[in-house]
Amino acid sequence: MSERVRVLIVGSGPAGYTAAVYAARAELEPLVLAGLQFGGQLMLTTDVENYPGFPESVTGPDLMDLFRKQAERFGARILFDDATRIDLSERPFRVSTAEAEFRADAVIVATGASARWLGLESEQRLLNKGVSACATCDGALYRGKPMAVVGGGDTAMEEALFLTRFATRVTVIHRRAQLRASKIMQERGLKNAKIEFAWNSVVQEVLGDEFVTGVRIQDVAGGGTRELPVEALFVAIGHKPNTDLLRGQLELDDVGYIKVEAGSSRTGVEGVFACGDAMDPSYRQAVTAAGTGCMAAIDAERWLAEQGIG
């Protein structure tokens, strides 16, 4: 089966759904390939307290359900299938799923990014029960409690410094004897009285039944272990943008984030736009993702009009 559409959106987090709302309101009849794991990283988040308009907080899945309903209300068509192949070599662009092929005049990439995890069973079992990959999202939920951050780069230092606003103590667990963060971030972390460091250490297990009660850490040199009592563990060892299908077709940075024209969502391929965490290595917030989704839809609408397609 092959079908022609004017706008095809790949991805269904805050960026993809917002792009769908704007494209649908512009009567571009967008098709959203939401994926089997639809909704993005917010589907792994319990309480979202920093999205505007929800003073009493909202769960991540509920927020994404509202995004979806709003997009559908304006006429967006949503398929819960994964894109298996994207061909941007000629227009109309071709995007395939396991069972269908679509030809699109414009493509909006909103494939997001995935947090890198430690790979522990206990980590996944206690996800959203004290284990998180986003201090800005979840730090305030553990106010007045001891916390830990895993990592040694700028992200880990940013997370640790942010968490000092809420935590009684923040322990940074790093597998090396010195940080990889930039000099200024190292200085800020090392000077902060609320931040302690567990050097040359790795997390062997996250402790707790219903909620995190601590972590067992192991010395990488001697092999000895000790338990660290904390009630929240933030994993800050990086994110991986979900852009593998686009390698060799769009310009990516060294990590894999899509490069866009400054101040826009335009990629190096005319008619292809990128938004959300797939192109944002800096903020990675639902509200900023939604903002770039709006930009992508408007950029796509204007480009289609220039081509006489809109």
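The values are calculated or read from the model by the stated rules, or taken from the named source; none is laboratory data. Please read all numbers here as calculations on a predicted model, not as lab measurements. Glycine also receives a Cβ, built like all others from the backbone with ideal geometry; neighbour counts cover every protein chain displayed.
Quick one: is ASP280 crowded, with 17+ Cβ neighbours inside 10 Å and not assigned by TED's automatic domain parsing to the domain that holds THR164? Here the answer is yes, as ASP280 does meet what is asked. Within the range 30-38, none of the residues are closer than 24 Å to ARG116 by Cα, among the aromatic types (Phe, Trp, Tyr) and in contact with a helix residue (DSSP H, G or I) (Cβ under 7 Å, 6 or more places away or on another chain).
Suppose we keep only residues that are hydrophobic (A, V, I, L, M, F, W, C), under 21 Å from ALA167 (Cβ atoms) and at pLDDT 95 or above within the range 113-130. Which one would you say is surrounded by the most Cβ atoms within 10 Å (Cβ to Cβ)? Step by step, filter the range 113-130, then rank; the result is LEU126.
All of VAL255, VAL272, VAL287 fail the test of being buried (at least 17 other Cβ atoms within 10 Å of the Cβ) and among the β-branched types (Val, Ile, Thr), apart from VAL272. Of all the residues in the range 1-20, those that are in contact with a Cys (Cβ under 8 Å, 6 or more places away or on another chain), among the aliphatic types (A, V, I, L, M) and closer than 18 Å to GLY75 by Cβ number 1.
In the range 210-225, the condition of being touching a residue at least 24 places away in the same chain (Cβ under 8 Å), more than 22 Å from VAL172 (Cα to Cα) and either surrounded by 18 or more Cβ atoms within 10 Å (Cβ to Cβ) or within 16 Å of the chain's Cα centre (by Cα) (or both) is met by no residue. Taken across the range 231-250, residues that are farther than 30 Å from ASP87 by Cβ, surrounded by 13 or more Cβ atoms within 10 Å (Cβ to Cβ) and over 22 Å from the mean Cα position of the chain (by Cα) do occur, with at least one present.
Tell me, please, whether a residue that is over 20 Å from LEU42 (Cα atoms), in a loop (DSSP other than H, G, I, E, B) and among the polar types (S, T, N, Q) can be found in the range 128-150. Within the range 128-150, none of the residues are over 20 Å from LEU42 (Cα atoms), in a loop (DSSP other than H, G, I, E, B) and among the polar types (S, T, N, Q).
Just one of the listed residues (SER201, SER265) is of a type in the set (Gly, Ala, Ser), closer than 30 Å to ALA15 by Cβ and surrounded by 13 or more Cβ atoms within 10 Å (Cβ to Cβ), namely SER265.
Can you find a residue that is out of contact with any Gly (no Cβ under 6 Å at 6 or more places or on another chain), buried (at least 22 other Cβ atoms within 10 Å of the Cβ) and on the phi > 0 side of the Ramachandran plot anywhere in the range 149-163? Looking for residues that are out of contact with any Gly (no Cβ under 6 Å at 6 or more places or on another chain), buried (at least 22 other Cβ atoms within 10 Å of the Cβ) and on the phi > 0 side of the Ramachandran plot, one finds at least one in the range 149-163, hence yes. Restricting the range 264-285 to residues that are among the small types (Gly, Ala, Ser) and either at pLDDT below 95 or within 19 Å of TYR17 (Cα to Cα) (or both), the residue that is farthest from the chain's Cα centre (by Cα) is GLY271. Within the range 81-101, is there a residue that is small (Gly, Ala, Ser), out of contact with any strand residue (DSSP E or B) (no Cβ under 6 Å at 6 or more places or on another chain) and surrounded by 22 or more Cβ atoms within 10 Å (Cβ to Cβ)? The answer is no, given that none of the residues of the range 81-101 is small (Gly, Ala, Ser), out of contact with any strand residue (DSSP E or B) (no Cβ under 6 Å at 6 or more places or on another chain) and surrounded by 22 or more Cβ atoms within 10 Å (Cβ to Cβ). Take the residues in the range 281-310 that are in contact (Cβ under 8 Å) with a residue 24 or more places away in the chain and assigned to a loop (DSSP other than H, G, I, E, B); name whichever of them is farthest from VAL10 (Cα to Cα). Step by step, filter the range 281-310, then rank; the result is GLN307.
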